[in-house]
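Chemist: I have a structure here, written as structure tokens, and I will follow up with some questions on it.
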């Protein structure tokens, strides 16, 4: 009987053209970035001034500073590590700046218990005019895999009439074909609305904005201040989740263009957004205050919450705002945010958090690291200029 059933199934499959022994084989990109990636990238502080020794020192500092223990994993080189292609079309790292080669550099980072990332571009040239990946996607992916790359940031300069969705689908297919699991960071600046297709093509995070700059507000030619990038996240929260994240660009915390209060707000808001936490400062010379911001494990836990629900702005009145997100344990994370120039009280009602108004709940301050007590229906706190009060509300 079993033999007959198998034969019948075989014939039926043959007749309808179905694969007899087909089984779902998970793509190699599945399971990557279950929480927003955390790490460091060279661009915001150093631009093109990258070299082997500096990357060694950043990896050392990530461990020594406690950032690794706080959850940071990736050490990523941005643009300007590559100088040309050889006669076979292989990408060539700068031999003066990286004399030991990229595999040795990746090995050094891995030996620290960290992961290694590089940068390229979907066009013919990178944004700094170095060789891009166009036409070399599968060749480059094999090279990255042979080096031990764990993360690829893929930019969008010199792309002409290329289709963004197709271009990023190609590089993801190339990374998968390399046989190595590599996180794909889509750096398309939000122009073609990558939140609509990024997950479908295998992107693990996608930029929703142009480049961030180390300022509280304002816009320059290609860059915007923190508030501009924050505002562009409104309405995008439904597109993010485990393995695929909205990316309002890297952190500027510690680079000197904002106050420590503003950096605390920047970090808190990126955490409530479930944004990637990619530091961009000099890890070797952090002040204690900057280190405290970047390694606040209670705030990081919000960013890394396994439910993976991006926070949203639930209330706004002029310069005063409330951002909130649900957490895996049923509690809520809340940021009371004051953009204004003077201290103001901000009150969050439980109904804004989708809780019953009468519910008693414990409120904990994540920057003071202390329980504030039990509250029913609402919680209010004074919030200083350009500052936040970040709490959890737990029934």
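Chemist: Among 296, 338, 90, determine the one that fluctuates most according to a GNM of the chain built with springs between C-alpha atoms less than 10 Å apart.
Modeler: In this elastic network of the chain, the residue with the biggest mean-square fluctuation among 296, 338, 90 is 90.
Chemist: Continuing with the same structure: Using the eigenvalues of the Cα gyration tensor, what equivalent ellipsoid semi-axes result for the stretch 276-395 when each is taken as the square root of five times the eigenvalue, whole Å, largest first?
Modeler: Numbers: eigenvalues 122, 64, 36 Å².
Result for the stretch 276-395: semi-axes of 25, 18, 13 Å.
Chemist: While we're on this one: Arranged by the count of other C-beta atoms within 10 angstrom, fewest first, what order do 92, 388, 50 take? Don't skip to the answer; put the middle values down first.
Modeler: Details: 92 14, 388 28, 50 20.
Listing 92, 388, 50 from fewest to most nearby Cβ atoms yields 92, 50, 388.
Chemist: Next question. How would the chain be classified by its alpha-carbon gyration tensor: rounded, prolate or oblate, with rounded meaning a/c under 1.5 and the a/b versus b/c comparison settling the rest? List each step's numbers first, then the result.
Modeler: Numbers: a/c = 1.97, a/b = 1.27, b/c = 1.56.
Oblate, because a/c is 1.5 or more while a/b does not exceed b/c.
Chemist: Quick one: 187, 127, fewest Cβ neighbours within 10 Å first, how do they rank? Please list the in-between numbers first.
Modeler: Working: 187 27, 127 20.
By the 10 Å Cβ count, ascending: 127, 187.
Chemist: Sorted from fewest to most neighbouring beta carbons within 10 Å, what does the list 376, 385 look like?
Modeler: Details: 376 12, 385 15.
Ordered from fewest to most neighbouring Cβ atoms within 10 Å, 376, 385 come out as 376, 385.
Chemist: Quick check: residue separation of residue 88 and residue 380 times 0.36 nm, minus the Cα distance between them. What number comes out in nm?
Modeler: Stretched out fully, the residue 88 to residue 380 stretch lengthens by 98.7 nm.
Chemist: Have a look at the DSSP beta bridges in the chain and tell me what percent are antiparallel, nearest 5.
Modeler: About 60 percent, rounded to the nearest 5.
Chemist: GNM, the chain, Cα, under 10 Å: largest mean-square fluctuation among 117, 218, 198?
Modeler: Of the options given, 218 has the highest mean-square fluctuation.
Chemist: May I pose another question? Could you give the angle, 0 to 90 degrees to the nearest 10, between helix 52-64's Cα long axis and the longest principal axis of the Cα atoms of the chain?
Modeler: Here the helix axis deviates by roughly 50 degrees.
Chemist: Another one. To the nearest 10 degrees, how steeply does helix 260-272 sit against the main Cα axis of the chain, on a 0 to 90 scale?
Modeler: Between helix and principal axis, roughly 60 degrees.
Chemist: Determine which residues of the stretch 172-195 fall in the zone a paramagnetic label at residue 110 would reach in this model, i.e. backbone nitrogen under 13 Å from the point 7 Å along Cα→Cβ.
Modeler: Answer for this model: 180-182.
Chemist: Also, quick follow-up: Please determine, in degrees from 0 to 90 and to the nearest 10, the orientation of helix 102-111 with respect to the longest principal axis defined by the Cα atoms of the chain, where the helix direction is its Cα long axis.
Modeler: So the inclination is approximately 50 degrees.
No value in this document is a laboratory result; all are computed from the given coordinates. A quick note: this is a predicted structure, and the numbers were derived from the prediction, not measured. We place every Cβ from the backbone using ideal geometry, glycine too, and count neighbours over all the protein chains shown.
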